Amino acid sequence: MIEMAQINVTRSSMPDFDEYINEIRELWDSHHLTNNGVKHKELQSMLESYLGVGNVTLFTNGHVALEYALESLDLPKGGEIITTPFTFVSTTHAIVRAGYTPVFCDIREDDYTMDPSGIEALMTDKTCAIMPVHVYGNICDTDAIGMVAKKHGLKVIYDAAHAFGVKVNGVSAASFGDVSMFSFHATKVFNTVEGGALCYSDESLAPRLDSLKNFGLDGEDCRFAGGNGKMSELHAAMGVCNMRHVDDEIAKRKIAAEEYYRLLGGVDGIRLCPLRDGVMSNYAYMPVVFDGYKYSRGEVQARLAEQGIMARKYFYPLTNEMSCYRDIPGFGGEKTTVAKHIAESVLTLPLYADLAVEDVQRICDIILK
Ligand SMILES: *Cc1c(COP(=O)(O)O)cnc(C)c1O
């Protein structure tokens, strides 16, 4: 048998080595490595135009961006934030670490985003915000969530870590709610190695966020305790390079994803996320739900692993089932039954720009055999 290279669930997009070296050469002349340098400014304006949003603030990573977003909005201390447990732990941790209490809303069966019809029943007089997640790049029902939020005067902060470049009827995923967070982690559709950003339309947030991520400094003085969340020039330069190729990378992801849809679509017991009309997807992930299929999710994962193909149970476990949360009264997964069921049956298959169509065919063969 021929030795096959291992196929991981994701593979970071990188520019040519020389392109990156050329990009950072001037930093060796200027010795300006961080604190809002030229690469930082260039990436920020590239993102403002690409994401079609008035304000972009860059951060060290997406997680701290979420924490700073919560801090910048001046929500009442100790308030409750309605969110979902079907996400990466970062979403729930950010709420807790910023001093708020997560309240878990269930997700929808078809696209795994927050079920807006469940929000009002979870509200109390302490509810101060909603933090939904655009899971796998599937955009939440932003109209319905926006309406509930408006009716009750709540802020909406989207975890848009999976939604870079997604558009709904021409509207950028960055433009929903009060603030949207994007992650530029190495495994995301667009990366700066580590990095993240907040996008928002209220420009009065910009000086507050700039100060929050730079120790709260205001000249020599500090009027509040800020942290350090600045993106360095080397990371921003990686972003500038990757931005030049992001549309090509998404187009290549699309070819691989469409092959998966062609081969796995309509198979009994296998559920794929429906591709919606009017949505320009970024093909960030390839989630497959095994529900009544001839093999369980675990069996499929093991069969793939035998052939060096690393699929991932993502998201599993639910955040409210992690040891640090599951025993807190009201937190556990027993009330979010749809989320629990999906977390127990979903597998994300390898998907990245350089994944060959032949590899997709081989992966599907193993699953279907
Ligand atoms: C990646 C991710 C984050 C965290 O972003 P980092 O840049 O890794 O800090 C948060 N939420 C979701 C849904 C993510 O996928």
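Residues that are touching an Asp or Glu at 6+ places or on another chain (Cβ under 9 Å) and closer than 18 Å to residue 360 by Cα: does segment 220-232 have at least one? No - not one qualifying residue is present in segment 220-232. Checked against (1) over 15 Å from the mean Cα position of the chain (by Cα); (2) within 12 Å of the ligand (Cβ to nearest atom), residue 113 meets all criteria but (1). Residue count for segment 166-195 satisfying the condition of being under 13 Å from the mean Cα position of the chain (by Cα), on the phi < 0 side of the Ramachandran plot and not charged (D, E, K, R): 14.
Got a number for residues in segment 91-104 being of a type in the set (S, T, N, Q) and not in a helix (DSSP H, G or I)? Lay out the reasoning, then the answer.
Quick first cut of segment 91-104, residues of a type in the set (S, T, N, Q) only: 91-92, 101.
Next cut, not in a helix (DSSP H, G or I) only: 101.
The number of residues fulfilling the criteria is 1.
For segment 309-332, check the following and say yes or no: at least one residue is farther than 28 Å from residue 94 by Cα and not in a helix (DSSP H, G or I). Yes, segment 309-332 contains at least one residue that is farther than 28 Å from residue 94 by Cα and not in a helix (DSSP H, G or I). Which residues, taken from segment 299-332, are surrounded by 17 or more Cβ atoms within 10 Å (Cβ to Cβ) and small (Gly, Ala, Ser)? Passing the criteria: 311, 332. Beta carbons closer than 8 Å, at least 6 apart along the sequence or on distinct chains, pair a first residue in segment 160-176 that is under 16 Å from residue 69 (Cβ atoms) with a second that is among the small types (Gly, Ala, Ser) and part of a strand (DSSP E or B) for 160/180; 161/183; 161/196; 163/180; 173/180; 174/180.
Restricting 293, 316, 352 to those that are of a type in the set (Ser, Thr, Tyr) and in contact with a strand residue (DSSP E or B) (Cβ under 6 Å, 6 or more places away or on another chain) reduces the list to 293. With the condition kept exactly as written, say whether any residue in segment 328-346 is within 22 Å of the chain's Cα centre (by Cα), hydroxyl-bearing (Ser, Thr, Tyr) and at pLDDT 95 or above. Scanning segment 328-346, I find at least one residue that is within 22 Å of the chain's Cα centre (by Cα), hydroxyl-bearing (Ser, Thr, Tyr) and at pLDDT 95 or above, so the answer is yes.
Going by the conditions given, is residue 206 under 12 Å from the mean Cα position of the chain (by Cα) and either buried (at least 19 other Cβ atoms within 10 Å of the Cβ) or part of a helix (DSSP H, G or I) (or both)? So that I can check it myself, show each step before the final result.
Numbers: under 12 Å from the mean Cα position of the chain (by Cα): no; either buried (at least 19 other Cβ atoms within 10 Å of the Cβ) or part of a helix (DSSP H, G or I) (or both): yes.
No: the conditions fail for residue 206.
When residue 147 is tested against the conditions (1) modelled with pLDDT of 95 or more; (2) of a type outside the set (Phe, Trp, Tyr); (3) within 16 Å of the ligand (Cβ to nearest atom), the lone failure is (3). Only residues that are surrounded by 15 or more Cβ atoms within 10 Å (Cβ to Cβ) and in a helix (DSSP H, G or I) were counted across segment 211-253, and they come to 19. If you filter segment 61-87 down to residues that are within 13 Å of the ligand (Cβ to nearest atom) and under 24 Å from residue 117 (Cβ atoms), you find that the one that is surrounded by the fewest Cβ atoms within 10 Å (Cβ to Cβ) is 87. Among the residues of segment 188-203, those that are among the charged types (D, E, K, R) and within 14 Å of the ligand (Cβ to nearest atom) comprise 188, 194. All conditions but one from (1) in contact (Cβ under 8 Å) with a residue 24 or more places away in the chain; (2) under 22 Å from residue 10 (Cβ atoms); (3) surrounded by fewer than 16 Cβ atoms within 10 Å (Cβ to Cβ) apply to residue 292; the one that does not is (2).
Among 303, 276, 312, 271, which is of a type outside the set (Gly, Ala, Ser) and modelled with pLDDT under 95? I'd like the intermediate steps shown before the answer.
Details: 303 fails: modelled with pLDDT under 95; 312 fails: modelled with pLDDT under 95; 271 fails: modelled with pLDDT under 95.
Every option except 276 fails the conditions.
The values are calculated or read from the model by the stated rules, or taken from the named source; none is laboratory data. Small disclaimer: the values here were computed from a predicted structure and weren't measured. Note: ideal-geometry Cβ built from the backbone for every residue, glycine included; neighbour counts use all protein chains shown.
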